[in-house]
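First up is the structure itself, then whatever we jot down about it.
Just so it is clear, none of the values below were taken in a lab; they were calculated from the coordinates. Computed from a predicted structure; not experimentally measured. Note that each Cβ is placed from the backbone with ideal geometry, even for glycine, and that neighbours are counted across all protein chains shown.
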Amino acid sequence: MRAGVLIKLRYGAYVQAELCKDLTDVGMMRARSRAVLRTAHPTSVLSHQCSLAEYEVPLWGLELDQTHLTRTDGRPGRREAGVVHHRATLGRRWWTMRDGVPLVKPARAAIEVVTAHGPEVGLVVLCGVLHLELATIADLRAVAAEARHWPHSLNTRLVLARADARITNVAEARTWHFFHEQRVPRPEPQVEVFDDGGNLLGIVDFLWAELGVFLEFDGRIKYDQYKKPGETLADYLMREKRREEQICVAKGWTCIRITWDDLQRPVVLARRIKQALQKRVAGAEAIAGA
């Protein structure tokens, strides 16, 4: 360790530093989870966000320094350094093996997160599971029905009602939550836009089609997800700007662009969006009355 050859994952567990140098926080959590399983009770399976990380479900607002396990033998749960043992009657239909790792299945893991955290955190997870086609809304509702007596399960119905497979990432899921919380008229997510010749101009994050307004999250945030091979950030942002301009010119629409910072001021952002929508309404009424 002094020489930097090894790093410590947890007590008694070490790994070559070279293998971990490029890991994200989620990647390090996955590595720690495997170390925990090596010494955990044989009936233990990864659950909550530790299970979802193995399926590459987007995680936001969740602690990543704890390993969540569920004992399938019904023994009482407990906490120890860096490990949370959950107690559950976990039948074989609720867990599986993936790459040699025992995991709670995605639908159940997602509901576990929803019941343990707030609606915004839960919505990010549910949309991720649906978008990746790891579970259907029927699967999630089936788990939620069994979880209705779990502690802190009151938010489950609310989050399920908002979950949408069309939401592709954390930024969109948090924006979707914002629309509901701030009572902003709900747009359509992930809409393909075509010109008069039927050519695809692009896909907008959210669209109020009747008003000719679309909303886009800052392109920097989506750079890693949508960049082309060899494309720099500057190249990608220029391509995004051209796409936005083409849509506005071809369709006569207005674009609202937002960032993470905007979501930190939801009341201000909601006022800005509502004003933009109202201007389009007023403009349409003026044209109709002329």
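In a reduced charge model with +1 at each Lys and Arg Cβ and -1 at each Asp and Glu Cβ, the chain shows a dipole moment near 1100 debye about its Cα centre. The shape of the stretch 6-165 can be summarised by an equivalent ellipsoid whose semi-axes, obtained from the alpha carbon gyration tensor, come to 26, 18, 13 Å from longest to shortest. Per residue, the average separation of C-alpha pairs within less than 8 Å and at least 6 apart gives the chain a relative contact order of 10 percent. Computed over the stretch 6-165, relative contact order equals 18 percent, with contacts defined as Cα pairs under 8 Å that lie 6+ residues apart.
Select from the stretch 118-170 those trypsin sites (Lys or Arg not before Pro) which occupy a DSSP coil region and have at most 12 other Cβ atoms within 10 Å, ordered by residue number. Walk me through the intermediate numbers first.
Working: sites: ARG141, ARG148, ARG157, ARG162, ARG166; in loops: ARG148, ARG166.
Answer in residue order: ARG148.
Where does helix 170-181 land angle-wise versus the long Cα axis of the chain, in degrees 0 to 90, nearest 10? It is inclined by approximately 70 degrees.
Ranking HIS152, ASN199, HIS180 by Cα position along the charge dipole of the stretch 108-221, where only Lys, Arg, Asp and Glu carry charges on their C-beta atoms, puts HIS152 farthest toward the positive end.
By average Cβ neighbour count within 10 Å, what is the ranking of 201-210, 179-188 from highest down?
On the way: 201-210: 19.1, 179-188: 14.7.
Highest-to-lowest ranking by the protection proxy: 201-210, 179-188.
Report, to two decimal places, the Cα Rg of the chain normalised by 2.2 N^0.38 Å (N = number of residues). Present the calculation step by step, with values, prior to reporting the outcome.
Details: Rg = 22.5 Å, N = 290, 2.2 N^0.38 = 19.0 Å.
With N residues counted in the chain, Rg over 2.2 N^0.38 Å equals 1.18.
Number of Lys-Lys pairs in the chain with C-alpha atoms under 30 Å apart and a separation of 8 or more places or on different chains: 20. A dipole drawn for the chain from +1 and -1 charges on Cβ atoms has a positive end, and of VAL45, MET238, ALA107 the residue lying farthest that way is VAL45.
Across the stretch 66-71, rounded Karplus estimates of 3J(HN,Hα) from the backbone phi angles (6.51 cos²θ - 1.76 cosθ + 1.60, θ = phi - 60°) give 10, 9, 9, 10, 10, 7 Hz, Gly and Pro being marked x.
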